[in-house]
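Colleague: Questions regarding the structure given below will be posed in turn.
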Amino acid sequence: MSTVPNPDTWTYSLRLPHDPRAARIARMTVRAALTAYSMHELLYSVELLTSELVANTYRHTTGPASVRLTAPGNGGLRVGIWDTHPHIPEPFAHPTAGRTPMPPAYKEGGRGLCLVQRYACAWGGWPLQDDPGSPVTGKLLWFEVRPTTLAP
């Protein structure tokens, strides 16, 4: 008897250099993967949030980043963004705290993390400690979206 994998369960990973084009490349990768799996209802949200978080990795770090898309088979998607900086920003540091207010219109930044609160059904972050002998440092930010959590 052979085991057949569930076609609704899959994972893709993308490694990105510290490059101003990284957010666009991540957006294109998200679009290709979600289109291939007919997850059109999640496309806008995942593309937007992934792009925002990858842009933040370029803006706030000097090292590479990684994006991991995971479809657990429940119709939703989990996206993880790893980078080399250890600081976990709000709302990822305290996902159960109140909503982060939208910054004033005259401010240039600060909207990306508010968008996570608007479009994701869950989010969080983990610091990756410097273990002796381990090459992994920095942090992992993640968010989940499901078709029922999309804004109109």
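Colleague: On the given criteria, is residue 111 open to solvent by 30 Å² or more (accessible area, probe 1.4 Å) and at pLDDT below 95?
Modeller: Here the answer is yes, as residue 111 does meet what is asked.
Colleague: Is it true that residue 47 is under 11 Å from the mean Cα position of the chain (by Cα), touching a residue at least 12 places away in the same chain (Cβ under 8 Å) and open to solvent by 20 Å² or more (accessible area, probe 1.4 Å)?
Modeller: So residue 47 passes the test.
Colleague: Find all pairs meeting these conditions: Cβ atoms under 9 angstrom apart; at least six residues apart or on different chains; first residue within the range 17-37 and closer than 13 Å to residue 51 by Cβ and open to solvent by 10 Å² or more (accessible area, probe 1.4 Å); second residue modelled with pLDDT of 95 or more and in a loop (DSSP other than H, G, I, E, B).
Modeller: Qualifying pairs under 9 Å: 25/19.
Colleague: Quick test for you: out of 41, 52, pick the one residue that is surrounded by fewer than 16 Cβ atoms within 10 Å (Cβ to Cβ) and touching a helix residue (DSSP H, G or I) at 6+ places or on another chain (Cβ under 6 Å).
Modeller: 41
Colleague: Only one of (1) modelled with pLDDT of 90 or more; (2) buried (at least 17 other Cβ atoms within 10 Å of the Cβ); (3) touching a Pro at 6+ places or on another chain (Cβ under 8 Å) fails for residue 81. Which number is that?
Modeller: (3)
Colleague: Quick check: is even one residue across the range 129-147 under 22 Å from residue 13 (Cα atoms), β-branched (Val, Ile, Thr), modelled with pLDDT of 90 or more and crowded, with 18+ Cβ neighbours inside 10 Å?
Modeller: Looking through the range 129-147, at least one residue is under 22 Å from residue 13 (Cα atoms), β-branched (Val, Ile, Thr), modelled with pLDDT of 90 or more and crowded, with 18+ Cβ neighbours inside 10 Å.
Colleague: Kindly list, by first and then second residue, each pair from a residue in the range 56-74 that is among the basic types (Lys, Arg) and at pLDDT 95 or above to a residue that is surrounded by fewer than 17 Cβ atoms within 10 Å (Cβ to Cβ) and outside any loop (DSSP other than H, G, I, E, B), limited to pairs with Cβ atoms under 6 Å and residues at least 6 apart or on different chains.
Modeller: Matching pairs, first to second residue: 68/13.
The values are calculated or read from the model by the stated rules, or taken from the named source; none is laboratory data. What you are looking at is a predicted structure, and each value in this text was computed from that prediction instead of being measured. Here Cβ is always computed from backbone atoms with ideal geometry, including for glycine, and neighbour counts include all displayed protein chains. Areas reflect the complete protein model, heavy atoms only, side chains present, ligands, DNA and RNA absent. Shrake-Rupley method; radii C 1.70, N 1.55, O 1.52, S 1.80 Å.
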